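Visitor: Can you keep this structure in mind? I'll have questions shortly.
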Amino acid sequence: MSVRPDFKVSNSTFLLTGFPGLERDYPWLSIPFSCIYAMIISGNCLVLHVIWTEPSLHQPMFYFLAMLALTDLCMGLSTVHTVLGILWGLGQEIDLDACIAQTFFVHGLSCMESGVLLAMAFDRFTAICNPLRYTSILTNTRIINIGVAILGRSFLFITAPIVRLKFFHYCRPHILSHSFCLHQDLLRLACSDIRFNSFYALALVICTLFLDSVLILISYILILRSVLAIASQEERLKSLQTCVSHTCAVLVFYIPIIGLTMVHRFGKHLSPVVHVLMGNIYILFPPLMNPIIYSVKTQQIRSRIQRWFTKQSTRG
């Protein structure tokens, strides 16, 4: 039976879960996780630096890539203090306000990444299916408007359910399932009426992540149809190669989400370590892989990075 929300502000603290059963190995586990976070921060900063300093990269495609890199950078920064804090032995406790703030950024940034990937799909669709109007469609003003719309959609729509978390009564053991805070994890511990949050969160997932993935799929169907209409096989391959990086980024983002959902839904009998590991993959894998994908697969980014490192080594 639901309990009415306790509107008295709670100062409760919660216990984050590290890797159950591997506590003695935390010093060793901290090494790869520290390296991963270092790669996330340095890799995305490098992509942003290259795009910012190279006038030839001031194009719609790279503006959207800069949005993606900034989103991934913020995702890494939003979780680094709790994940490494546990592994370094700095503590597993987090107070309610900090937990709610982390929840807001984790879910908001995840929604923002989905929106940026959709915008990048629209960019590829326009470049391939309507190349003569590409620059007139994706003007700087329109790109700014798209960025503001993505930002607004990502954070404004999640504000209501996240704020409600502040006023819930948490009567169950304050042990979270991951090394960072998630909305569904806090709902699991609440004894208040959570129906609004549950339905709202489901509707939000359908209207953002699910709808974005469907629209991305539709855009690639249209791109494929347009490419197949090209007579020259060489031109077909050239057109499709411009989509390889974005396709990899989409897979890197959506596969961990699907995997985490499947583990939560059907893997209740699995070890808690599996749940924690899938949660960390969901948070860390896209920010880690996206700079690598775009540095390897995008010739303009790769050549600028090589040139930048060559200059640095020459100066040294």
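The values are calculated or read from the model by the stated rules, or taken from the named source; none is laboratory data. As the structure is a prediction and not an experimental result, all values here were calculated from the model. Virtual Cβ from ideal backbone geometry, glycine too; neighbours counted across all protein chains shown. When the accessible area is computed, the model is the full protein with side chains, heavy atoms only, and any ligands, DNA or RNA have been set aside. Shrake-Rupley method; radii C 1.70, N 1.55, O 1.52, S 1.80 Å.
Visitor: If you place +1 on the Cβ of every Lys and Arg, -1 on the Cβ of every Asp and Glu, and leave all else neutral, what size is the dipole of the chain about its Cα centre, to the nearest 20 Debye?
Guide: Approximately 540 debye in magnitude.
Visitor: If you don't mind, there's one more thing I want to ask. May I ask you to give the average projected area over all directions of the convex hull of the Cα atoms of the chain, in nm² rounded to one decimal?
Guide: 19.5 nm²
Visitor: Same structure, new question: Hey, what number do you get for the chain at 222 nm if only DSSP H runs of n ≥ 4 count, each worth -39500 (n - 2.57), divided across all residues, to the nearest 500?
Guide: That comes out to -24500 deg cm²/dmol.
Visitor: When a/c is below 1.5 the answer is rounded, else prolate if a/b is larger than b/c, else oblate, so apply that to the range 220-314 with a ≥ b ≥ c taken from the square roots of the Cα gyration tensor eigenvalues.
Guide: Oblate shape, in that a/c is at least 1.5 and b/c is the bigger or equal ratio.
Visitor: Amide H neighbours of S179 under 5 Å, counting only residues 5+ apart in sequence or on other chains, H built in-plane at 1.01 Å?
Guide: T17
Visitor: Order these peptides, 251-261, 97-107, by their mean beta-carbon neighbour count within 10 angstrom, highest first.
Guide: Going from most to least packed, we get 97-107, 251-261.
Visitor: Below 8 Å between Cα atoms, with a sequence gap of 6+, how large is the relative contact order for the range 243-292 in percent?
Guide: Relative contact order comes out at 53 percent.
Visitor: Can you tell me which of T71, T247, T135 moves the most in a GNM of the chain? Springs connect C-alpha atoms under 10 Å apart.
Guide: Largest GNM mean-square fluctuation: T135.
Visitor: Please identify, among H174, H58, H269, the residue showing maximal mean-square fluctuation in a Gaussian network model of the chain using a 10 angstrom Cα cutoff.
Guide: H269
Visitor: Per residue, what accessible area does the chain have, given a 1.4 Å probe and all protein chains present, in Å²?
Guide: 53 Å²
Visitor: Which value results when the Cα radius of gyration for the range 164-299 is divided by 2.2 N^0.38 Å?
Guide: Ratio of Cα Rg to 2.2 N^0.38 Å: 1.40.
Visitor: Build a GNM of the chain with springs between Cα atoms under 10 Å: which of G43, G91, G21 gets the top mean-square fluctuation?
Guide: G21
Visitor: Taking a Cβ-Cβ separation under 4.7 Å as the criterion for a possible partner, which cysteines of the chain have none?
Guide: C35, C45, C74, C111, C129, C207, C243, C248
Visitor: Pull out the extension gain between L84 and D25, defined as 0.36 nm times the separation in residues minus the alpha carbon to alpha carbon distance; nm, one decimal.
Guide: Full-extension gain reported as 19.9 nm.
Visitor: I need to check one value: relative contact order of the range 154-303, counting alpha carbon pairs closer than 8 Å and at least 6 residues apart, in percent.
Guide: The normalised contact order for the range 154-303 reaches 21 percent.
Visitor: Return a whole-number percent for the relative contact order of the chain, with Cα pairs under 8 Å and 6 or more residues apart as the contact set.
Guide: Rounded, it is 29 percent for the chain.
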